[in-house]
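Notes to accompany the following structure.
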Amino acid sequence: MRTYELMTVFRSDGEAYEKGRANLKEHLSESNVTIVKEEDRGDRQLAYELKGNERGHYHLYELELDPELVNSLDQTIQRVPELLKHLFVRKES
């Protein structure tokens, strides 16, 4: 198991944000990913428009998962409709 950070940008309206987080957590739990820490980074103006949105709600996750799952999990969470952008980064020990 390795530790990764997952930075996510959800649609900024409250209902889409909460629904997107719940949907993402469901995908993570189905993949046997351990959420070590979560941090709400708040609603912000985007540097450029993403999928017709000028604002996004940022949320940071610290996860423990098998490195072999990263690619499949990346493809799975791309299908979360409320998610505008995401990035996995391996965290140094």
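The values are calculated or read from the model by the stated rules, or taken from the named source; none is laboratory data. Nothing here was measured: the structure is a model prediction, and the numbers come from that model. Positions of Cβ are backbone-derived with ideal geometry, glycine not excepted, and every protein chain shown enters the neighbour counts.
Is at least one residue of the range 10-32 assigned to a strand (DSSP E or B), loosely packed, with under 13 Cβ neighbours inside 10 Å and over 12 Å from the mean Cα position of the chain (by Cα)?
Checked against the condition, which is being assigned to a strand (DSSP E or B), loosely packed, with under 13 Cβ neighbours inside 10 Å and over 12 Å from the mean Cα position of the chain (by Cα), the range 10-32 yields no hits at all.
From the list ARG90, ARG55, exactly one residue is of a type in the set (Lys, Arg) and more than 17 Å from ASP40 (Cβ to Cβ). Which is it?
On inspection, the qualifying residue turns out to be ARG90.
Output yes when any residue across the range 9-16 is in contact with a Phe, Trp or Tyr (Cβ under 9 Å, 6 or more places away or on another chain) and at pLDDT below 95, and no when none is. Explain how you work it out, then say what you get.
Within the range 9-16, the first condition is being in contact with a Phe, Trp or Tyr (Cβ under 9 Å, 6 or more places away or on another chain), and the residues that meet it are 9-11, 16.
Add one more test, that the residue is at pLDDT below 95, and what stays is 16.
Looking for residues that are in contact with a Phe, Trp or Tyr (Cβ under 9 Å, 6 or more places away or on another chain) and at pLDDT below 95, one finds at least one in the range 9-16, hence yes.
List every residue pair whose Cβ atoms sit under 9 Å apart, with the two residues 6 or more apart in sequence or on different chains, where the first one lies in the range 12-24 and is touching a residue at least 40 places away in the same chain (Cβ under 8 Å) and over 13 Å from GLY56 (Cα atoms) and the second, anywhere, is part of a helix (DSSP H, G or I) and of a type in the set (A, V, I, L, M).
ASN23/ILE77; LEU24/ILE77
Output the residues belonging to the range 36-93 that are assigned to a loop (DSSP other than H, G, I, E, B), more than 24 Å from SER12 (Cβ to Cβ), touching a residue at least 40 places away in the same chain (Cβ under 8 Å) and not small (Gly, Ala, Ser).
If the condition is that a residue be assigned to a loop (DSSP other than H, G, I, E, B), more than 24 Å from SER12 (Cβ to Cβ), touching a residue at least 40 places away in the same chain (Cβ under 8 Å) and not small (Gly, Ala, Ser), then ASP66, LYS91 are the ones that fit.
For residues in the range 73-89 being in contact with a helix residue (DSSP H, G or I) (Cβ under 9 Å, 6 or more places away or on another chain) and of a type in the set (D, E, K, R), which is surrounded by the most Cβ atoms within 10 Å (Cβ to Cβ)?
Checked the range 73-89; the qualifying residue surrounded by the most Cβ atoms within 10 Å (Cβ to Cβ) is GLU82.
Among the residues of the range 23-56, which ones are closer than 15 Å to LEU84 by Cα and aliphatic (A, V, I, L, M)?
The answer is LEU24, LEU46, ALA47, LEU50.
Can you name the condition, by its number, that SER93 falls short on among (1) surrounded by 12 or more Cβ atoms within 10 Å (Cβ to Cβ); (2) at pLDDT below 95; (3) of a type in the set (Ser, Thr, Tyr)?
(1)
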